[in-house]
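**Q** The structure is given below, and queries will be raised subsequently.
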Amino acid sequence: MIILELPSHGQAPAQVDSGTFEGLARSLDDWLVKENLTGIDMVGSSLGAELVLVMARRGRVGSVVALDPGGFWQGWERTYFRTTITASIALVRALRPALPALPRNATGRTAFMLQLSARS
């Protein structure tokens, strides 16, 4: 499991464009390539969720889990967010019976720990 600290967050030094979403996405993209980690599965929460979705759209990662993605608050984005969050809620409700089994395997524990780390 890798827990990534974004530039200008926590102890990671800021970069010239760290104050923008595109700058953070560029930093993440560059880091994935530099560390030879393209194709890995990623989990993100809030800002991290939006970033893993961008990495998926760019074809940089494998499977992604986006928990409470940020953004989507203007114009067409509201409709898009409402539609996708409704689908996500339906999926979680359908998976609810299987959720207790997640901590019993390595993949489930990794996803859970990434979620917890994103909240600290």
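**Q** For Val52, are the conditions met, namely being crowded, with 16+ Cβ neighbours inside 10 Å, over 18 Å from His9 (Cβ atoms) and within 10 Å of the chain's Cα centre (by Cα)?
**A** Here the answer is no, as Val52 does not meet what is asked.
**Q** Among what's in segment 6-26 and is surrounded by 15 or more Cβ atoms within 10 Å (Cβ to Cβ) and under 14 Å from the mean Cα position of the chain (by Cα), pick the residue that is nearest to Ser63 (Cα to Cα).
**A** Looking at the filtered set, the residue picked out is Ala25.
**Q** Right, here's the next one. Looking only at helices (runs of 4 or more DSSP H) that lie completely in segment 14-116, which have at least 3 residues being over 19 Å from Ile3 (Cβ atoms) and among the hydroxyl-bearing types (Ser, Thr, Tyr)?
**A** Filter on segment 14-116 gives 76-95.
**Q** Condition first: modelled with pLDDT of 85 or more, surrounded by 10 or more Cβ atoms within 10 Å (Cβ to Cβ) and in contact with a helix residue (DSSP H, G or I) (Cβ under 7 Å, 6 or more places away or on another chain). Can you find one or more residues in segment 33-42 that meet it?
**A** Yes: segment 33-42 contains one or more residues that are modelled with pLDDT of 85 or more, surrounded by 10 or more Cβ atoms within 10 Å (Cβ to Cβ) and in contact with a helix residue (DSSP H, G or I) (Cβ under 7 Å, 6 or more places away or on another chain).
**Q** Still on this structure: For the structure I just gave you, tell me whether Val54 is touching a residue at least 60 places away in the same chain (Cβ under 8 Å) and among the hydrophobic types (A, V, I, L, M, F, W, C).
**A** No, not satisfied.
**Q** Taking interchain pairs and intrachain pairs at least six residues apart, which have beta carbon atoms under 7 angstrom, with the first residue in segment 12-29 and over 13 Å from Gly48 (Cα atoms) and the second β-branched (Val, Ile, Thr) and at pLDDT 90 or above?
**A** Qualifying pairs under 7 Å: none.
**Q** Suppose we keep only residues that are surrounded by fewer than 20 Cβ atoms within 10 Å (Cβ to Cβ) and touching a helix residue (DSSP H, G or I) at 6+ places or on another chain (Cβ under 9 Å) within segment 65-81. Which one would you say is modelled with the lowest pLDDT?
**A** Applying the filter and picking the extreme gives Phe72.
The values are calculated or read from the model by the stated rules, or taken from the named source; none is laboratory data. Predicted model, so just to flag it, every value in this text is computed and none were measured. Heads up, the Cβs are rebuilt from the backbone with ideal geometry, glycines too, and the neighbour counts pull from every protein chain shown.
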